[in-house]
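Each remark here refers to the structure printed beneath this line.
Bear in mind that the values in this text are calculations on the coordinates, not laboratory data. It should be emphasised that the depicted structure is a prediction, and the values quoted were computed from it without experimental measurement. Note: ideal-geometry Cβ built from the backbone for every residue, glycine included; neighbour counts use all protein chains shown.
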Amino acid sequence: PRIAITMGDPAGVGPEIIIKTFQDQSVYDFSCPFVIGDATFLSDMAVQFGSDLPVRPISVLREASFTPGSMDVLDLKNVRDDINIGQPSPLGGKASVEFIRTAVDLALEHQVDAITTAPVNKKSLHLAGFNWPGHTEMLGEFTGKKDVALMLAGDVLRVVIVTTHVPLDTVKQQLLQHARQGQE
């Protein structure tokens, strides 16, 4: 399967996770992974992490080689040099959303089989003018679905989270609301 991996917030841990993931060539044993992000930024980060992983910028998916030992990056060219690692910013929030939006579009066009997202920074999203509490709601909006849920899945257990991104003192109210909806 073709798997689109979004870069996440450029100032966060996503770039490091992605670089380390692609250094393990076994990811190609079961998938055709590629990154949606900023190729120059990822290349610079690879150097900072002491990696010699070649970063291959592509402008359309058909240019991807899916070659073990390298990383294809659908290059949105949307990250500037003034990212401060560990610091939320409007630029980081905007870029994160653009990565995810592109991945969703590719999935809806059946160009990819799955997407996975590196972490975003909710403060960066809010600084960029977006008000989603998290990925789930963002993905719901991008796919035109109102009834969405966060699900954790394992080999034998699947759990749908009833309350997400809410203060603890509102959990009881949310649970009661979901219970009433289930009775309707």
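In the stretch 1-40, which chymotrypsin sites (Phe, Trp or Tyr not before Pro) fall in coil by DSSP and have 14 or fewer other Cβ atoms within 10 Å? Walk me through the intermediate numbers first.
Details: sites: F22, Y28, F30, F34; in loops: F30.
Answer by residue number: F30.
The GNM of the chain, with springs linking C-alpha atoms under 10 angstrom apart, assigns the highest mean-square fluctuation among V73, V159, V27 to V159. Relative to the dominant Cα principal axis of the chain, helix 14-23 is inclined by about 50°. Estimated at 0.36 nm per residue, the fully extended path between T21 and S70 surpasses their Cα-Cα distance by 16.6 nm.
Let me check against my output: what whole-number percent is the relative contact order of the stretch 1-120, with C-alpha pairs under 8 Å and at least 6 apart?
Details: 231 pairs, mean separation 50.1, N = 120.
So the answer I get is 42 percent.
With the convex hull of its Cα atoms as the shape, the chain has an orientation-averaged projected area of 12.3 nm².
Near P90, once Lys and Arg are set to +1 and Asp and Glu to -1 for all other residues with Cβ below 12 Å from its Cβ, the sum equals +1. The long axis of helix 90-108 is offset from the longest Cα principal axis of the chain by roughly 90 degrees. For the chain, the Cβ-based charge dipole about the Cα centre amounts to some 500 debye (Lys, Arg positive; Asp, Glu negative; other atoms uncharged). Take the chain and mark each of the trypsin sites (Lys or Arg not before Pro) that is in a DSSP loop with at most 16 other Cβ atoms within 10 Å; the longest unmarked stretch, sites excluded, is 1-76.
Determine the relative contact order of the stretch 140-182: mean sequence separation of Cα pairs under 8 Å and six or more apart, normalised by residue count, in whole percent. Don't jump to the answer; show the numbers that get you there.
Details: 24 pairs, mean separation 9.8, N = 43.
That works out to 23 percent.
With a simple spin-label model that places each label point 7 Å from the Cα along the Cα-to-Cβ direction, the separation between Y28 and R158 comes to 3.2 nm. Rounded to the nearest 5, the antiparallel percentage of DSSP beta bridges internal to the chain is 20%.
For L127 and M151, FRET efficiency with R0 = 30 Å and r from the beta-carbon atoms, rounded to 0.05? Working shown, then result.
On the way: r = 29 Å, r/R0 = 0.95.
After rounding, the FRET efficiency stands at 0.55.
For L61, what charge total do you get from the other residues with a beta carbon under 14 Å from its beta carbon, if Lys and Arg give +1 and Asp and Glu give -1?
Numbers: positive: R2, R56, R62; negative: E63, D72, D75, D105, E109, D113.
Surrounding charge for L61 is -3.
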